[in-house]
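The values are calculated or read from the model by the stated rules, or taken from the named source; none is laboratory data. Because the structure is a prediction, the values reported are computed rather than measured. Because the Cβ atoms are built from the backbone with ideal geometry, glycine has one as well, and the counts that use them run over all protein chains shown.
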Amino acid sequence: VIVAKCLNLPENYFHLAAKEGEHCNSARAIWYPKLHEEAKSGQYRCGPHTDSGVLTLLWMDGLGLEIQTSSGKWISIENVPSNALLINIGDLLQEASGHKWRSTPHRVQAPRLNDNQRNQDRLVLVLFLILAADFPIPNRNQTQGEYLFDQFQKWKQAEKAD
């Protein structure tokens, strides 16, 4: 309701697309193990990307997440209190906001082997808030399901590190 009001949309705008049994929310537990050999040049734990859905709720127990500023600079997310919940705006909320709100590119760098603060086992819990597949995306001639399918096709074709 709050997000819809901020965007001057009907209060039930997102609620209609997230009805029980019709949404496509996805939860993941991601474990990044401590590295025991140096990562290859240009290797990431998770490469640069934006999230396709509306919002992403993220809990992490260590360092490594970086976000890209609107000027293109990558900055590390640090000084996050333990048990804090980070919220990323996804591509669909960027579209619904008419690009007033930005779906921020982010990545997880592979730590240096000798960086004891970053090179440790790391657990990340993620909840992707994704609306119903047939929900129309504002300002696009596409449903959320069609958009996500297109995104998955792009990811499938992305170059993978050796």
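Assessment of region 84-102 against the conditions (surrounded by 11 or more Cβ atoms within 10 Å (Cβ to Cβ), touching a Ser or Thr at 6+ places or on another chain (Cβ under 6 Å) and within 16 Å of TYR44 (Cα to Cα)) yields no matching residue. Residue count for region 4-20 under the criterion of being at pLDDT 85 or above and not in a loop (DSSP other than H, G, I, E, B): the result is 2. On the basis of being at pLDDT 90 or above, surrounded by 15 or more Cβ atoms within 10 Å (Cβ to Cβ), under 26 Å from LYS100 (Cα atoms) and hydrophobic (A, V, I, L, M, F, W, C), does LEU65 make the cut? Answer is yes for this residue. Scanning region 40-61 for residues that are modelled with pLDDT under 90, surrounded by fewer than 18 Cβ atoms within 10 Å (Cβ to Cβ) and among the small types (Gly, Ala, Ser) yields SER41, GLY42.
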